[in-house]
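What follows is calculated from the coordinates using simple rules that are stated; it is not laboratory data. As the structure is a prediction and not an experimental result, all values here were calculated from the model. Neighbour counts run over all protein chains shown; Cβ positions are idealised from the backbone, glycine included.
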Amino acid sequence: MRTSVKILFTVISLIIVIILVNIFGPNYDEIRNQAYKSLKFDLYDGIIVEKYLDKDNHNYPTMKINTTKGLQVVRLPLDKSGLFEFVEIKDSIFKDYGSYNVEVYRNNEVYNFILDYGIEH
């Protein structure tokens, strides 16, 4: 009898914890909106020297860009545009301040991407 009471108590406790996490847990839509808005104010103009999934930072897709001011790290954790999958080391990349448009230059061709975090603009 005691074992069944312990099991019932454990199950009820887990259900309560799950409900509380859903009610008071992080608002992922708000996090996504904030990340997307801050991304608009990034500026990069340089050559991609490294591209990887950053294991120390939630496996975020990450690029290192050699710019005139030094090495710049760009993380694209929620982007759905396909930019990270497309770019290659030695590609030139440009994103202007205040824009979501990214231009990638490779073999005298220009490829355009619009950063997309899956939210309405």
Taking the chain and dividing mean pair separation by its residue count, relative contact order in percent (alpha carbons under 8 Å, at least six apart)
22
Order the peptides 56-62, 4-10 from the highest to the lowest mean number of other Cβ atoms within 10 Å of their residues.
56-62, 4-10
Identify all aspartates and glutamates with a Cα-Cα distance to residue 69 below 13 Å; exclude those on the same chain that are fewer than 8 residues away in sequence.
45
Which lysines have a Cα less than 19 Å from the Cα of residue 55, not counting those fewer than 8 places away in the same chain?
64
I need the phi-derived Karplus couplings for the range 62-73: 6.51 cos²θ - 1.76 cosθ + 1.60, θ = phi - 60°, integer Hz, Gly and Pro marked x.
9, 10, 10, 10, 7, 10, 5, 9, x, 7, 10, 9
What is the mean projected area of the alpha carbon convex hull for the chain, to one decimal in square nanometres?
10.5
Out of residues 5 or more away from residue 54 or on other chains, whose amide H comes under 5 Å of its own, with H placed 1.01 Å from N in the peptide plane?
59, 60, 62
For helix 28-39, what angle does its Cα long axis make with the longest principal axis of the chain, in degrees from 0 to 90 and rounded to 10?
20
For a quick check: with amide H placed at 1.01 Å from N, whose amide H comes under 5 Å from residue 116's, ignoring anything fewer than 5 positions away on the same chain?
80, 81
